[in-house]
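Here's the structure, in C-alpha coordinates; my notes come after.
The values are calculated or read from the model by the stated rules, or taken from the named source; none is laboratory data. Computed from a predicted model, the values in this text were never measured in an experiment. Glycine gets a Cβ as well: all are built from the backbone with ideal geometry, and neighbour counts include every protein chain shown.
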Amino acid sequence: MSENDGTIFLACDTIINFLLNNEKVLSQVNGCDFVHLLQAMALWAGNSDDTSVVMMASSICALVFDLTYEEALLMHDGVDCSLLEQLSQLFARSLSPSIKWGSDDIKGQLDLHEIISSGFSRWVARFPSIKKTIERPSMLQC
(Lines give C-alpha, C1' and ligand atoms only; values in the text may rest on other atoms or scores of the structure.)
Protein backbone atom coordinates (compact mmCIF):
# COMPACT_ATOMS: atom_id res chain seq x y z
CA MET A 1 0.00 0.00 0.00
CA SER A 2 1.40 3.38 -0.95
CA GLU A 3 1.36 6.48 1.25
CA ASN A 4 -1.37 7.89 -0.98
CA ASP A 5 -3.55 4.81 -0.38
CA GLY A 6 -3.36 5.39 3.36
CA THR A 7 -4.57 8.96 2.90
CA ILE A 8 -7.47 7.81 0.73
CA PHE A 9 -8.52 5.18 3.28
CA LEU A 10 -8.29 7.74 6.09
CA ALA A 11 -10.54 10.09 4.12
CA CYS A 12 -12.99 7.25 3.48
CA ASP A 13 -13.03 6.32 7.18
CA THR A 14 -13.83 9.95 7.97
CA ILE A 15 -16.70 9.96 5.45
CA ILE A 16 -18.10 6.72 6.89
CA ASN A 17 -17.93 8.09 10.43
CA PHE A 18 -19.66 11.27 9.29
CA LEU A 19 -22.43 9.32 7.56
CA LEU A 20 -22.90 7.02 10.55
CA ASN A 21 -22.80 9.61 13.31
CA ASN A 22 -24.39 12.85 12.13
CA GLU A 23 -28.14 12.32 12.11
CA LYS A 24 -28.89 16.02 12.64
CA VAL A 25 -26.83 17.12 9.65
CA LEU A 26 -27.93 14.23 7.47
CA SER A 27 -31.60 14.95 8.13
CA GLN A 28 -31.09 18.23 6.26
CA VAL A 29 -29.52 16.72 3.13
CA ASN A 30 -30.39 14.01 0.67
CA GLY A 31 -28.43 11.53 -1.37
CA CYS A 32 -28.34 13.83 -4.38
CA ASP A 33 -26.02 16.08 -2.38
CA PHE A 34 -23.51 13.23 -2.57
CA VAL A 35 -23.65 12.48 -6.32
CA HIS A 36 -20.02 13.43 -6.87
CA LEU A 37 -19.01 11.15 -4.02
CA LEU A 38 -20.98 8.27 -5.57
CA GLN A 39 -19.28 8.92 -8.91
CA ALA A 40 -15.85 8.98 -7.26
CA MET A 41 -16.49 5.73 -5.39
CA ALA A 42 -17.70 3.99 -8.56
CA LEU A 43 -14.60 5.17 -10.42
CA TRP A 44 -12.16 4.35 -7.61
CA ALA A 45 -13.44 0.82 -7.02
CA GLY A 46 -14.66 0.09 -10.53
CA ASN A 47 -11.96 -2.28 -11.71
CA SER A 48 -10.07 -2.70 -8.48
CA ASP A 49 -9.08 -6.17 -7.38
CA ASP A 50 -8.39 -4.87 -3.88
CA THR A 51 -11.13 -6.12 -1.58
CA SER A 52 -10.47 -3.25 0.84
CA VAL A 53 -11.18 -0.71 -1.90
CA VAL A 54 -14.36 -2.50 -2.98
CA MET A 55 -15.65 -2.80 0.58
CA MET A 56 -14.82 0.79 1.51
CA ALA A 57 -16.44 2.25 -1.61
CA SER A 58 -19.50 0.03 -1.26
CA SER A 59 -19.92 1.00 2.38
CA ILE A 60 -19.88 4.69 1.59
CA CYS A 61 -22.35 4.23 -1.26
CA ALA A 62 -24.64 2.10 0.91
CA LEU A 63 -24.75 4.84 3.55
CA VAL A 64 -25.47 7.50 0.92
CA PHE A 65 -28.27 5.35 -0.50
CA ASP A 66 -29.92 5.47 2.93
CA LEU A 67 -30.55 9.16 2.20
CA THR A 68 -32.28 8.90 -1.16
CA TYR A 69 -34.07 6.76 -3.72
CA GLU A 70 -33.43 5.78 -7.33
CA GLU A 71 -35.82 8.21 -9.03
CA ALA A 72 -34.35 11.17 -7.14
CA LEU A 73 -30.82 10.22 -8.16
CA LEU A 74 -31.83 9.74 -11.80
CA MET A 75 -33.24 13.28 -11.85
CA HIS A 76 -29.78 14.63 -11.04
CA ASP A 77 -27.71 15.76 -14.03
CA GLY A 78 -24.70 13.69 -13.00
CA VAL A 79 -26.57 10.40 -12.69
CA ASP A 80 -27.63 8.04 -15.44
CA CYS A 81 -28.12 4.32 -15.92
CA SER A 82 -24.38 3.91 -16.43
CA LEU A 83 -23.59 5.16 -12.93
CA LEU A 84 -26.32 2.99 -11.43
CA GLU A 85 -24.91 0.02 -13.31
CA GLN A 86 -21.42 0.71 -11.96
CA LEU A 87 -22.79 1.02 -8.43
CA SER A 88 -24.86 -2.14 -8.89
CA GLN A 89 -21.77 -4.07 -9.91
CA LEU A 90 -19.90 -2.63 -6.95
CA PHE A 91 -22.62 -3.80 -4.57
CA ALA A 92 -22.79 -7.19 -6.27
CA ARG A 93 -19.05 -7.64 -5.78
CA SER A 94 -19.13 -6.59 -2.14
CA LEU A 95 -22.13 -8.78 -1.32
CA SER A 96 -20.86 -11.81 -3.21
CA PRO A 97 -20.41 -14.93 -1.09
CA SER A 98 -17.25 -15.64 -3.08
CA ILE A 99 -15.50 -12.40 -2.08
CA LYS A 100 -11.85 -12.97 -1.23
CA TRP A 101 -11.07 -11.41 2.13
CA GLY A 102 -7.62 -9.96 2.53
CA SER A 103 -5.61 -11.18 5.47
CA ASP A 104 -4.56 -7.70 6.54
CA ASP A 105 -7.77 -6.43 8.17
CA ILE A 106 -10.47 -9.09 8.20
CA LYS A 107 -12.39 -7.55 11.13
CA GLY A 108 -12.46 -4.15 9.44
CA GLN A 109 -13.68 -5.67 6.20
CA LEU A 110 -16.34 -7.67 8.03
CA ASP A 111 -17.52 -4.45 9.69
CA LEU A 112 -17.78 -2.84 6.26
CA HIS A 113 -19.63 -5.88 4.95
CA GLU A 114 -22.15 -5.44 7.77
CA ILE A 115 -22.66 -1.78 6.80
CA ILE A 116 -23.25 -2.82 3.19
CA SER A 117 -25.57 -5.76 3.84
CA SER A 118 -27.68 -4.00 6.46
CA GLY A 119 -27.84 -0.88 4.30
CA PHE A 120 -28.87 -2.93 1.29
CA SER A 121 -31.76 -4.44 3.23
CA ARG A 122 -32.92 -0.95 4.28
CA TRP A 123 -32.94 0.71 0.86
CA VAL A 124 -33.20 -2.07 -1.73
CA ALA A 125 -36.92 -1.47 -2.28
CA ARG A 126 -36.17 2.16 -3.23
CA PHE A 127 -33.63 1.07 -5.88
CA PRO A 128 -35.44 -1.39 -8.17
CA SER A 129 -32.81 -1.44 -10.92
CA ILE A 130 -30.06 -2.21 -8.44
CA LYS A 131 -32.19 -4.93 -6.88
CA LYS A 132 -32.69 -6.49 -10.32
CA THR A 133 -28.98 -6.32 -11.06
CA ILE A 134 -28.03 -7.94 -7.77
CA GLU A 135 -30.59 -10.68 -8.35
CA ARG A 136 -29.71 -11.06 -12.05
CA PRO A 137 -26.28 -9.45 -12.63
CA SER A 138 -26.51 -9.16 -16.41
CA MET A 139 -29.73 -7.15 -16.49
CA LEU A 140 -29.73 -3.52 -15.31
CA GLN A 141 -33.00 -1.82 -16.17
CA CYS A 142 -33.36 1.90 -15.42
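Here is the figure for the stretch 14-39: residues that are part of a helix (DSSP H, G or I) and loosely packed, with under 14 Cβ neighbours inside 10 Å total 9. Scanning the stretch 62-77 for residues that are in contact (Cβ under 8 Å) with a residue 40 or more places away in the chain and either out of contact with any Cys (no Cβ under 9 Å at 6 or more places or on another chain) or in a helix (DSSP H, G or I) (or both) yields ALA62, LEU63, VAL64, PHE65, ASP66, TYR69, GLU70, ALA72, LEU73, LEU74. The residues on offer are SER52, SER59, and the sole one that is in a helix (DSSP H, G or I), surrounded by 15 or more Cβ atoms within 10 Å (Cβ to Cβ), at pLDDT 95 or above and hydroxyl-bearing (Ser, Thr, Tyr) is SER59.
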